[in-house]
Structure formats: C-alpha cells, structure tokens
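Trainee: Here it is, the structure in full.
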Amino acid sequence: MELVKTIELKCGQTYLLKLNDGNVLEVGDVFMSREKGYGTRPYHFSDFENPSDTEKRVMTVCTMAGCPCGCRFCASRKSFVRNLTADEIVGQVEFMIEQGLKRGRNGDPNNSKEFRVLYTRMGEPMINIDNVMESIRILINRYPHIIIGMSTPGYRSAMDKILNDPELAKHLDFQFSLHSTSDEQRDYLFDAKLGGERFNIDEICEYAEKLYQVTNKQVSLNVILLEGYEYDFSKITKKVDPKHIWLRLSPWNLVETSEDEYGFKGLLKLEDVVNKKPVSSSTLKEIIDQIESLKIAYAYAPAIDEEIKNNVACGQALEAFKKEIANI
Ligand code: SF4
C-alpha cells in the first residue's frame with residue numbers, strides 16, 4: 001500500500017492509500033480520551049482536543065474499493081470496483097499502526113485501553129462477508145482485546161454467518177442503519193434493496209435481539225434525524241426489548257455529491273451537538289420525549305465531529321482527491 005495523501009486532524013489523521021492495482025482507499029486513525037463510563041447513555045462524545053495515545057484508539061477502514069450500495073447520504077454510493085481481500089483489510093490497520101509509530105505515537109494498539117476498528121468507510125461489509133470475517137479472525141488473533149464496529153443496514157445470509165460464529169461475534173459492536181421507522185422511507189434512503197436482502201425494520205429488530213443473545217451487548221440503531229421523516233420508535237419497542245438496543249442519533253452531514261439535490265435537512269445540527277445543546281426545536285423535543293418515554297437508551301453521536309468539519313468522513317476525502325486529480 002502506498003500513501004498518497006494525509007489529512008491532519010487535531011486527534012489523528014485521515015489517509016488515502018493506493019492499492020497495488022491503483023484503487024485508492026480512505027482510512028482514519030484517531031486517538032481520544034475515553035468517555036467517562038462508556039456504555040451509560042446518554043453520553044456525548046470523547047475529548048478530541050486532548051487526544052491520548054493509550055486511552056482509546058479508533059481506526060476506520062474500507063471493506064471494498066468503491067461501494068455498490070446506493071445510500072443517498074453517502075459520497076461512496078454506486079462506485080463499486082471490487083471487494084477487498086482479508087489481507088487488504090488487515091493491511092489498512094497495520095499501515096496505520098506503522099504510521100503512528102513514525103509519528104512517535106504509541107505503536108502497539110495492545111497498549112491502548114480501548115482499541116476499536118470500525119468497518120465503516122467505503123464498502124458494505126455484509127456483501128463481502130467471507131473476507132470480512134477472515135480479516136476479523138486475523139485481527140482478533142493479533143489484538144485480543146480489539147472491538148470491531150460494523151455499520152450496516154443488515155443482510156440476512158451474512159448475519160446468519162456471523163451468528164453461527166459466536167466467538168467472533170463477541171468481538172463485534174453492531175450498528176444497524178435505521179434512519180427512519182418507515183420501510184418505504186428507508187427504501188428511498190438506501191435506494192434499492194441490493195440482492196433483495198437488505199433488512200426491513202422487523203428484520204433489524206429480530207437480528208438485534210439475536211445478536212444481543214449471542215454477544216450480551218446492546219445493538220446500536222443508527223439514526224440520522226431528518227426533517228419530514230418518520231420517527232415512531234414504538235414500532236421498534238414492540239419487536240425488540242428496549243434494553244437490548246440503543247439509539248445513536250447523528251446530525252445530517254451534507255456530502256458534496258450530486259445527491260445534494262435530494263435536499264435532506266437535518267433536525268440535529270452538528271454545532272448544537274458539539275456545544276452540548278442538541279435539542280433545538282419542538283420536533284426534536286417530541287422525538288426525544290418519545291424515546292425517553294419508551295425507555296430506549298440514546299446518545300448524540302456526531303461520529304468524529306473533527307472529521308465532519310474537515311469533510312473527510314464517509315468517502316468525502318477520496319471524492320475530493322479524485323476531483324483534485326481531475327483538475328491537474
Ligand atoms: S453508506 Fe456504506 S453501504 Fe451505503 S453507499 Fe456508503 S459505503 Fe456503501
């Protein structure tokens with residue numbers, strides 16, 4: 001892998017890496033202080049201003065070059081080139097460890113109190129499940145306390161494979177992308193039911209429950225709160241024990257793609273979340289009141305706000321890089 005660009009953040013780096021066949025990946029490596037009592041909700045987020053080398057390290061990696069999915073809120077949509085091999089996925093982690101060492105950082109993630117690798121950059125991990133599971137096995141072997149975060153709308157055959165391997169599943173922290181409580185609206189947001197397999201809301205609830213039984217960990221349901229979209233979480237609590245899930249509420253992050261034409265408007269504003277005054281409208285207050293009355297744990301989680309502010313989340317750095325190259 002060849003380093004083609006580094007974008008510096010206060011709490012770490014975003015890197016663009018070129019594979020042997022010329023495909024470029026976008027990855028991230030950030031250090032932060034751990035949240036006090038992580039796991040209690042609501043929490044806000046970690047201290048990005050004073051990153052620690054040994055408290056918490058979070059890497060974000062790709063599972064594909066491009067992505068076949070059509071999520072309308074993502075800069076990587078419908079750009080699929082190929083699946084990454086297990087070695088290429090692990091290679092991204094090893095590359096970032098090496099770079100950290102060169103920068104005088106703590107090089108060995110085994111020395112970090114919390115080490116997370118999130119399969120959340122380019123690619124849908126469930127559609128490359130065999131290579132993804134192989135890469136997880138390699139990483140667990142090298143970094144026994146690793147937690148792998150997986151963000152996906154969910155695919156039945158892939159989820160069944162994971163559930164059939166409880167030892168591997170225990171290292172996973174699952175995030176199902178919900179974004180609306182209406183199946184029709186989700187069909188629009190995700191634009192196409194790839195292979196007819198993407199989970200509907202009932203299936204998300206069914207598999208959140210199954211995962212909880214195997215991992216004993218709450219499953220996160222990710223929600224970008226959008227104006228005009230349905231958020232009736234009683235539909236969820238009818239199907240899954242609220243104690244077994246939590247809601248990760250995120251601000252809409254405008255991506256610089258042609259999809260801006262969809263005109264999404266976020267209910268949560270990044271600056272309000274960062275300033276710890278997230279509830280800025282009566283609509284938002286009603287949603288939060290409902291969540292609280294249903295006793296679902298929740299958190300305002302703006303991903304890594306530094307990344308959003310720098311436009312390097314979710315394929316954006318790569319898109320900007322492609323434009324840069326095209327203009328040379
Ligand atoms: S959000 Fe994930 S699955 Fe959807 S298009 Fe982007 S990279 Fe693909």
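The values are calculated or read from the model by the stated rules, or taken from the named source; none is laboratory data. Computed from a prediction, not measured in an experiment: that's the story for all the values here. Ideal geometry is used to build each Cβ from the backbone, glycine not excepted, and the neighbour counts take in all protein chains shown. The accessibility values were calculated without ligands, DNA or RNA, using every heavy atom of the protein model including side chains. Shrake-Rupley method; radii C 1.70, N 1.55, O 1.52, S 1.80 Å.
Trainee: State whether one or more residues within segment 152-169 are in a loop (DSSP other than H, G, I, E, B), within 16 Å of the ligand (Cβ to nearest atom) and at pLDDT below 95. Steps first, please.
Mentor: To start, the set of residues in segment 152-169 that are in a loop (DSSP other than H, G, I, E, B) comprises 153-154, 164-165.
Now narrow it down to the ones that are within 16 Å of the ligand (Cβ to nearest atom): 153-154.
Next, only the ones that are at pLDDT below 95 stay: 153-154.
Yes, the conditions are met somewhere in segment 152-169.
Trainee: Then there's this: Run Gly104 past the list (1) part of a loop (DSSP other than H, G, I, E, B); (2) over 22 Å from Met32 (Cβ atoms); (3) away from the ligand (no atom under 16 Å from the Cβ) and report the number of the one that doesn't hold.
Mentor: All conditions are met except number (2).
Trainee: Tyr38: more than 16 Å from the ligand (Cβ to nearest atom), open to solvent by less than 50 Å² (accessible area, probe 1.4 Å) and at pLDDT below 85, yes or no?
Mentor: So Tyr38 does not fit the description; no.
Trainee: In addition: Considering segment 206-243 alone, what residues qualify as being under 15 Å from Leu294 (Cβ atoms), open to solvent by less than 50 Å² (accessible area, probe 1.4 Å) and either touching a strand residue (DSSP E or B) at 6+ places or on another chain (Cβ under 6 Å) or of a type in the set (A, V, I, L, M) (or both)?
Mentor: Ala208, Leu221, Val223, Ile236, Val240, listed by residue number.
Trainee: I'd like to check something: does segment 157-173 contain any residue that is open to solvent by less than 10 Å² (accessible area, probe 1.4 Å) and within 30 Å of Gly263 (Cα to Cα)?
Mentor: No: zero hits.
Trainee: Where residues in segment 129-151 are part of a loop (DSSP other than H, G, I, E, B) and surrounded by fewer than 17 Cβ atoms within 10 Å (Cβ to Cβ), which of them is nearest to the ligand (Cβ to nearest atom)? Don't jump to the end; show me each part of the working.
Mentor: Quick first cut of segment 129-151, residues part of a loop (DSSP other than H, G, I, E, B) only: 143-146.
From what's left, surrounded by fewer than 17 Cβ atoms within 10 Å (Cβ to Cβ): 144-145.
On the way: Pro144: 28, His145: 26 Å.
Looking at the filtered set, the residue picked out is His145.
Trainee: So which of Met126, Met122 is within 14 Å of the ligand (Cβ to nearest atom), buried (at least 22 other Cβ atoms within 10 Å of the Cβ) and not in a helix (DSSP H, G or I)?
Mentor: Met122
Trainee: Before we move on, is Pro109 surrounded by 21 or more Cβ atoms within 10 Å (Cβ to Cβ) and touching a residue at least 24 places away in the same chain (Cβ under 8 Å)?
Mentor: yes
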